[in-house]
Every structure is written in C-alpha cells, then in structure tokens.
1. Would you confirm whether any residue within the stretch 96-104 is under 30 Å from N121 (Cβ atoms) and surrounded by fewer than 14 Cβ atoms within 10 Å (Cβ to Cβ)?
2. Using the structure shown, decide if D152 is closer than 30 Å to T32 by Cα and charged (D, E, K, R).
3. Any residue in the stretch 48-61 that is of a type in the set (A, V, I, L, M, F, W, C), within 30 Å of L16 (Cβ to Cβ), surrounded by 14 or more Cβ atoms within 10 Å (Cβ to Cβ) and under 46 Å from the mean Cα position of the chain (by Cα)?
4. Identify, please: which residue in the stretch 29-46 is in a helix (DSSP H, G or I) and touching a residue at least 60 places away in the same chain (Cβ under 8 Å) and is, among those, surrounded by the most Cβ atoms within 10 Å (Cβ to Cβ)?
5. Can you pull out the residues in the stretch 47-71 that are basic (K, R) and touching a residue at least 24 places away in the same chain (Cβ under 8 Å)?
Amino acid sequence: MNFDKRTLRKNDISLLILDERWNNLFQSAEKTPAIERSEENLRGLLKEESRLIAEKKEAAALKKRNMDKIIQLTSKVFEENDINAKKEMQSCEQEIKKINDRVIKIDELIEEMPDRLKQANLDLLELTVSVVYFKMRSARKRVEELEKLIADTRDKLKAYIDEKESLSQDDSDIYSYFHDLLGAQELQRLDEQFYRKGKRSRRDRPNMKG
C-alpha cells in the first residue's frame, strides 16, 4: 500500500519509535526484518543528529580556546616579534578556519535532518501499515467468521438443550406411568435387565418413590 507522502507531510506525525502506542502494536504483531531495518535507520538518524549537535558544541569550545590563545600570543607576536609565537598563532588561525569550515558543514547537515527524519518516519509508517494494519483487517475477517460460528453453535446448543429437556421429560413421564402400572418391584427387575444390556445408565433413571 502506497501513501501520498505529500498529504502525510502536512500532518504532524510523531516519530514512531518514540511513540508508546506504536511500540505497543508489536505486542501482538511481529516486526518484519524490513521494519527492523527501517526502525534502526530512524534510530541512526536520531543518533547522528545528537552527534552533530554535540560536535558543534565541541567545535565552538575548541574555537574559543584557539581565539583565547591568539589573544594571549598577540603581544609576543606584534610587540616582541617572537617567531615561535607567530608560528603558534598561525597554527591557531588555521585551526579556527578548519573549525569554521566544519561548522558550516555541520549546520548544513543539521538543517537537512528534519526532512531526513520525516522521510525515514514515513517509510517506517508505510511498512507498519503493510504489516500491522492488514494483519488487523485479516483478524477482523476471522472475528466475523468466529462470530458466525458462535451464533451457529449457540443455535445448535439451544436445540440440543431443548431436545434433551424434551426427552428427559418424556422419559420421566413414561417411567412414572409404568411405575404406577407395573409397580416398583417389577419395574426394578425390568431396569436391571436393561442395564445389563448397557443401553441405559442408572444415573439416567428417574427418581421414583414407592
């Protein structure tokens, strides 16, 4: 299933891997290798973003140290004409230039990161829908099948219960009739013959007095 990413980009979709509800989806659905790779890609981008931010802070601190060093060397370079101090100052200036170039690159990468994260998040969403949503729809279809089976079974069970109650009542009425007609002793003898043939359990025999 393909999404219209232009539409989805207008929606404020949270990062799925940080969404508790998204993580809960996989308590009943197994992550496919594709989902795991997409999830790892998204985590990697978050780590990269954090690393870039940390690197930019470190670069700023390093630049400040070099600038402080240049200030310290100024008097030796311009007043004392110290050659070693001049070389050290040049080294600091070169280091600052490298830092500035790197910071420009870092800023570019950080500026690109929201779009990269959004794209990776949408890719993961597509895979999630393909696995979880369609599994849910499949489960819904099975639920409908089970509902029909349950309804059919309920009807059958009711028919069985009605039949059992009807037969039990007929058995009780017939047994009562023959008990009154033949007497308890003769009926007991007939019952014992019937039991020996294995056609009737004693527990099914109506409880008659007399």
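Readers should treat all values here as calculations from the given coordinates under stated rules, not as data from a laboratory. All figures in this text were calculated on a predicted structure; none of them were measured in a lab. Cβ atoms come from the backbone with ideal geometry, glycine included; neighbour counts cover every protein chain shown.
1. yes
2. The answer is no for D152.
3. yes
4. Restricting to residues being in a helix (DSSP H, G or I) and touching a residue at least 60 places away in the same chain (Cβ under 8 Å), the top hit is S38.
5. Within the stretch 47-71, K56, K63 qualify.
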